[in-house]
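The values are calculated or read from the model by the stated rules, or taken from the named source; none is laboratory data. In this text, all values refer to a predicted model and were calculated from it rather than measured experimentally. Every residue, glycine among them, receives a Cβ derived from its backbone with ideal geometry; neighbour counts consider all protein chains shown.
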Amino acid sequence: MTMNSDLAPLHRVAVYWAPAPDSPWWQAGSQWLGRCAATALPLPQPVVEGVEALEFARLTAAPRRYGWHATLKAPFGLASGHDLAALLVALQRMAGRHRAFDLGPLQVCELDGFLALRPLHTPPELLQLEADCVQSLQPLAAGLGAAELARRRRAGLNAEQEALLQAWGYPWVLQQFRFHLSLSGPLERLLPQQRQALRAAAMRQFHALVPCRIDRLSVFVEPAPGADFKLLHQLQLQP
C-alpha cells in the first residue's frame, strides 16, 4: 500500500513493522501515543487514573515523534548515490522473500526504564525478517556522524553492542534485537503507584485486540532533523 508518492530528499528513513492504518492495532497505538503517523494529526489520548493528562503527554512525547511502530531497521540517512526510490525497490524484493506470520500475544512490560509491548515468544520468522532488513539495507545507509555515535554510546554499550553499532549503525540488532512497541519514554519521575496505573491503562488499551500479524514492511520518514516521523509506504509480505 502506498501512503504517499513524494520521493523528495529526506533527512532519515526507517523500516518498521506497523499495522495497517485502518486496523484496530494502529488506532489503539496511535491513540495511546496521541498522534497518527499516517495522517500527521494529533489524537486524544486515553485517561490514565492517577497520571495527569499533561504528564501522560510528556511521558509519550518521545515515542509519539516516531509514530506507532516496532523497529526492524532503525532510522538512517541514505548514502550518496541512493534515494528513496532505490530503498523501495530493495524493500519490494525483500517483501517477496518473506511470508506473513502471526506474532502471538503481546505483554506490557518495562524495558530499559520505559514501558513497551513485547511478544511472549519471538518467532524465528521475525528474527529472519529483522536480520534481512538490517543486513540487506545497510549498503543504502550513510555512515553515522560523530554526534550520532556519541548519542548511541550514552546508553552504555557493551563490546558486542559497540561492534554492532559500528557494523550496522544501531546496537540493538541481530543477536541483540528486542522486538517492541514503545509506549512511553523514561519512567524514572513516576511514583510506583503511577507506574502501576500506567501499566494497567496499557493493558486495558491493548489486551482485547486480536493477535498481531506481521504481514507488511512500513517505511517511515523524518523529513527534516527533529521532525515527526511519517508513514510513507507499506509493502505486503507474501501470504
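Looking only at the range 119-162, residues that are among the hydrophobic types (A, V, I, L, M, F, W, C) and not in a helix (DSSP H, G or I) come to 6 in all.
From the list A85, A74, A53, A79, the lone residue that is under 16 Å from the mean Cα position of the chain (by Cα), among the aliphatic types (A, V, I, L, M) and at negative phi is A74.
The residues listed here are A38, A57, A116, A20; of these, the one that is in a strand (DSSP E or B), modelled with pLDDT of 95 or more and among the small types (G, A, S) is A116. Evaluating L72 against the criteria (1) part of a loop (DSSP other than H, G, I, E, B); (2) touching a residue at least 24 places away in the same chain (Cβ under 8 Å) leaves one unmet condition, (1).
Checking G96, G156 one by one, the residue that is out of contact with any strand residue (DSSP E or B) (no Cβ under 9 Å at 6 or more places or on another chain), within 28 Å of H11 (Cα to Cα) and not acidic (D, E) is G156 and no other. Six or more apart or on different chains, Cβ atoms under 7 Å: show the pairs whose first residue is in the range 27-44 and without any contact (Cβ under 8 Å) to a residue 24 or more places away in the chain and closer than 15 Å to A57 by Cβ and whose second is among the basic types (K, R) and not in a helix (DSSP H, G or I). If the second residue must be among the basic types (K, R) and not in a helix (DSSP H, G or I), the pairs left are P42/R35; L43/R35. Do the conditions hold for Q107, that is, is it modelled with pLDDT of 95 or more, surrounded by fewer than 14 Cβ atoms within 10 Å (Cβ to Cβ) and under 30 Å from P186 (Cα atoms)? Against the criterion (modelled with pLDDT of 95 or more, surrounded by fewer than 14 Cβ atoms within 10 Å (Cβ to Cβ) and under 30 Å from P186 (Cα atoms)), Q107 qualifies.
Annotation: of all residues in the range 169-205 being of a type in the set (A, V, I, L, M) and assigned to a helix (DSSP H, G or I), the one that is farthest from A116 (Cα to Cα) is L174. Exactly one residue out of S218, S184 is closer than 25 Å to Q45 by Cβ, in contact with a His (Cβ under 8 Å, 6 or more places away or on another chain) and touching a residue at least 40 places away in the same chain (Cβ under 8 Å), and it is S218.
In the range 207-239, which residue that is touching a Gly at 6+ places or on another chain (Cβ under 8 Å) and surrounded by 17 or more Cβ atoms within 10 Å (Cβ to Cβ) is modelled with the lowest pLDDT? This residue is C212. Residue selection: L54 fails the criterion of being within 27 Å of Q27 (Cβ to Cβ) and surrounded by 15 or more Cβ atoms within 10 Å (Cβ to Cβ). Just one of the listed residues (Q175, Q138, Q161, Q166) is over 20 Å from the mean Cα position of the chain (by Cα) and among the polar types (S, T, N, Q), namely Q166.
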